[in-house]
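The values are calculated or read from the model by the stated rules, or taken from the named source; none is laboratory data. Computed from a predicted structure; not experimentally measured. Positions of Cβ are generated from backbone atoms using ideal geometry, with glycine treated the same way; all protein chains shown enter the neighbour counts.
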Amino acid sequence: MNPLNSPHIPPQAKANMSMDERFLQKLQEHVLQNLQVEDYSVEDLAQEVAFSRSHLYRKLQSLTGLSISQFIRKVRLEKAYELLQDEVATISEIAYSVGFGSSTYFSKCFHEEYGFPPGELKKRPASEQNPNSKVTLAVKPNANSAIEALHPGSSGELIEELFRSLIPFKPSLEKFVIIDEEEGESLDPRLLAYQTIKCFPWPLGVELRRLFSASFKQVSEERYHQSLKTLRKTLRFCSFLMIAELLELIQNKGQLESLKGKGKAISDAIMRMADPDFLFLFNALSTPLRENESLFIPELCELNDPVLNRELEAWLDMLEEADNLDLAIRCQTVDQSLNLILKKVGFLARYRLVNISEIQVLKNKFQEAEYEHHYHFLNAVDADFKAHAEKLHQFADSQSVLLMSSIRETKHFLNLSPFLVDTYDSVKSLQGASSRRDVFLLQSVDKDRLYFEGSDLNRTEDLSSERHFPIWMNAFRKSIQLLNTL
């Protein structure tokens, strides 16, 4: 008897189970009790049985050869198989009833598991519909299968999930997931990946482009370090968004009573920029930002989320024990946190990252002055950033990296300099020089030097020779001074 295929086991049979079989039965019962909860997570299941996520992962791997995510999905699919046999509802209704948010994704997973689409189950011979012919969750003491990757390079799963998280913020993306399943159409992960990368600002988009590449299909040290780098960049980028919002509130006399006396701790965290500092900034700044209605990015407040906090704390714990952990466990921990934070920041699809390199004043007789803004769009799939000129009646900040909801609304933007800088102007003025165009994210601070991270792998840039470095350094000092006034 397979314990995982028999939710209601007679007491006598249950008594004859081994401890491992009873443990697996308990896990399955927890998943079945939360079957309709689409976002029932690895962390949720681990909490149900009072295990750490890494401990539960190791236990399941040794018993079944499955990761926790694979286990949850397999329980969902086996329940769906039973419901399809009984013809209790349509395929879409059954998909949603067992916790799949997309009938397309459900059909894909079902086909991968059983070798045929769900619509063909009742058409198959009765002998092939026998539940015993299913791939079961039998105990496999010596199983050595690899971790199920949430990683996009190994499947389209994360790509589709991430893409769908962008649609509420950019409805025009909906057209890319409209398909006719009855005509055999399916989603193209490559197209979804391309559109996803375009929605993210260049510092994050360039890392996603690497993650979505075929070279990261398998668990490897290279993949682990790329996922880790993408996670750290995402956390740093979001922290800088929150700091930029906070600086605007300080200058505009916003409601910041809850931050009184915390300015030094916040500025110290920025100066260090160690991994725990990002979690500190998320927790410290979310409440005061939520108290102000004038935020440019109101969605930032949602980053102080209990589930995300637990994932990031687990990630920080993993880093401390990284040398003693199996590579697959390290990859899974980083991927889980990365998956969650990327879907949390789907709101970035609503905004455009730009550099206004120049603003020209145009004034003719009998006409009001116009300001021609020379934009460079920093959301791109490659480093060939598109340029665009727009004549407007008001002007925004120039020679700065801005986040804007519309390039025509020059009164509404968030200035991210000096935390993000664009070297376009320096390259333009140094024709033939070794300087190169890139968008850089502040990485570390050392006395009077700011060090940045561009799109090159594992490379920190000293931009002190750049033409605008004195402006960036002055802006950084002013930012720290403002924070210290809290």
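Suppose we filter L378, L316 for residues that are over 30 Å from S52 (Cα atoms) and in contact with an Asp or Glu (Cβ under 8 Å, 6 or more places away or on another chain); which single one remains? Lay out the reasoning, then the answer.
On the way: L316 fails: over 30 Å from S52 (Cα atoms).
L378 is the lone residue from the list that is over 30 Å from S52 (Cα atoms) and in contact with an Asp or Glu (Cβ under 8 Å, 6 or more places away or on another chain).
Please verify whether S337 is closer than 23 Å to L211 by Cα, touching an Asp or Glu at 6+ places or on another chain (Cβ under 7 Å) and either surrounded by 19 or more Cβ atoms within 10 Å (Cβ to Cβ) or outside the structural domain of L249 (by TED's automatic domain parsing) (or both), treating the condition exactly as stated. In short, yes.
Tell me which residues, restricted to region 184-198, are part of a helix (DSSP H, G or I) and without any contact (Cβ under 8 Å) to a residue 60 or more places away in the chain. Scanning region 184-198 gives P189, R190, L191, L192, A193, Q195, T196.
Across region 359-366, a minimum of one residue is classified as outside any helix (DSSP H, G or I), surrounded by fewer than 21 Cβ atoms within 10 Å (Cβ to Cβ) and among the charged types (D, E, K, R). All of C331, C301 fail the test of being farther than 22 Å from S52 by Cβ, buried (at least 19 other Cβ atoms within 10 Å of the Cβ) and either among the hydrophobic types (A, V, I, L, M, F, W, C) or touching a strand residue (DSSP E or B) at 6+ places or on another chain (Cβ under 8 Å) (or both), apart from C301.
If I filter region 158-171 for residues that are surrounded by fewer than 16 Cβ atoms within 10 Å (Cβ to Cβ) and at pLDDT below 85, do I get at least one hit? No, region 158-171 has no match at all.
Pairing residues of region 92-103 that are within 14 Å of L32 (Cα to Cα) and modelled with pLDDT of 85 or more with residues that are part of a loop (DSSP other than H, G, I, E, B) and not hydrophobic (A, V, I, L, M, F, W, C), at Cβ distances under 7 Å and at least 6 apart in sequence or on separate chains, gives S97/Q36; G99/Q36; G99/E38; G99/Y40. Taken over region 346-358, the criterion of being surrounded by 21 or more Cβ atoms within 10 Å (Cβ to Cβ) and either over 30 Å from P298 (Cβ atoms) or in contact with a helix residue (DSSP H, G or I) (Cβ under 9 Å, 6 or more places away or on another chain) (or both) is satisfied by G346, L348, A349, L353, N355. Within region 467-481, residues that are within 22 Å of E245 (Cβ to Cβ) sit with their Cβ atoms under 6 Å from residues that are at pLDDT 90 or above and part of a helix (DSSP H, G or I), at 6+ positions apart or across chains, in these pairs: S479/L247; I480/S267.
In region 367-381, which residue that is under 24 Å from G205 (Cβ atoms) and out of contact with any strand residue (DSSP E or B) (no Cβ under 9 Å at 6 or more places or on another chain) is surrounded by the most Cβ atoms within 10 Å (Cβ to Cβ)?
The first filter runs over region 367-381 and keeps only residues under 24 Å from G205 (Cβ atoms), leaving 373-381.
Pick out the ones that are also out of contact with any strand residue (DSSP E or B) (no Cβ under 9 Å at 6 or more places or on another chain) and you get 380-381.
On the way: A380: 20, V381: 16.
Looking at residues that are under 24 Å from G205 (Cβ atoms) and out of contact with any strand residue (DSSP E or B) (no Cβ under 9 Å at 6 or more places or on another chain), I get A380.
Quick check, is S400 modelled with pLDDT of 85 or more and either assigned by TED's automatic domain parsing to the domain that holds I297 or touching a Gly at 6+ places or on another chain (Cβ under 8 Å) (or both)? Spell out how you get there, then give the answer.
On the way: modelled with pLDDT of 85 or more: yes; either assigned by TED's automatic domain parsing to the domain that holds I297 or touching a Gly at 6+ places or on another chain (Cβ under 8 Å) (or both): no.
Spelling it out, it is not the case that S400 is modelled with pLDDT of 85 or more and either assigned by TED's automatic domain parsing to the domain that holds I297 or touching a Gly at 6+ places or on another chain (Cβ under 8 Å) (or both).
Taken over region 1-36, residues that are at pLDDT 50 or above and aliphatic (A, V, I, L, M) amount to 7.
This table checks each residue for (1) among the small types (G, A, S); (2) surrounded by 18 or more Cβ atoms within 10 Å (Cβ to Cβ).
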| residue | (1), (2) |
| --- | --- |
| R190 | no, no |
| W202 | no, yes |
| S220 | yes, no |
| M242 | no, yes |
| Q251 | no, no |
| Q255 | no, no |
| L259 | no, yes |
| I270 | no, yes |
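Give the residue that is modelled with the highest pLDDT, with candidates limited to residues of region 208-242 that are among the aromatic types (F, W, Y) and over 21 Å from S444 (Cβ atoms). Before you say what the answer is, go through the steps one by one.
Keep residues of region 208-242 that are among the aromatic types (F, W, Y), which gives 212, 216, 224, 237, 240.
Next, only the ones that are over 21 Å from S444 (Cβ atoms) stay: 212, 216, 224.
On the way: F212: 81, F216: 61, Y224: 88.
Among residues in region 208-242 that are among the aromatic types (F, W, Y) and over 21 Å from S444 (Cβ atoms), the one modelled with the highest pLDDT is Y224.
Within region 45-74, residues that are surrounded by fewer than 19 Cβ atoms within 10 Å (Cβ to Cβ) have Cβ atoms under 6 Å from residues that are part of a helix (DSSP H, G or I) in these pairs: E48/H30, counting only partners at least 6 apart in sequence or on another chain.
When you check K74 against the structure, is it outside any loop (DSSP other than H, G, I, E, B), more than 21 Å from E160 (Cα to Cα) and either over 27 Å from the mean Cα position of the chain (by Cα) or not assigned by TED's automatic domain parsing to the domain that holds N339 (or both), yes or no?
Details: outside any loop (DSSP other than H, G, I, E, B): yes; more than 21 Å from E160 (Cα to Cα): no; either over 27 Å from the mean Cα position of the chain (by Cα) or not assigned by TED's automatic domain parsing to the domain that holds N339 (or both): yes.
No, not satisfied.
Taken over region 42-71, residues that are part of a loop (DSSP other than H, G, I, E, B), out of contact with any His (no Cβ under 9 Å at 6 or more places or on another chain) and farther than 17 Å from D335 by Cβ amount to 3. The residue of region 370-397 that is modelled with the lowest pLDDT, among those that are outside any strand (DSSP E or B) and in contact with a Leu (Cβ under 7 Å, 6 or more places away or on another chain), is F385.
Within this structure, I179 fails the test of being part of a helix (DSSP H, G or I) and either more than 19 Å from Y351 (Cα to Cα) or assigned by TED's automatic domain parsing to the domain that holds R290 (or both).
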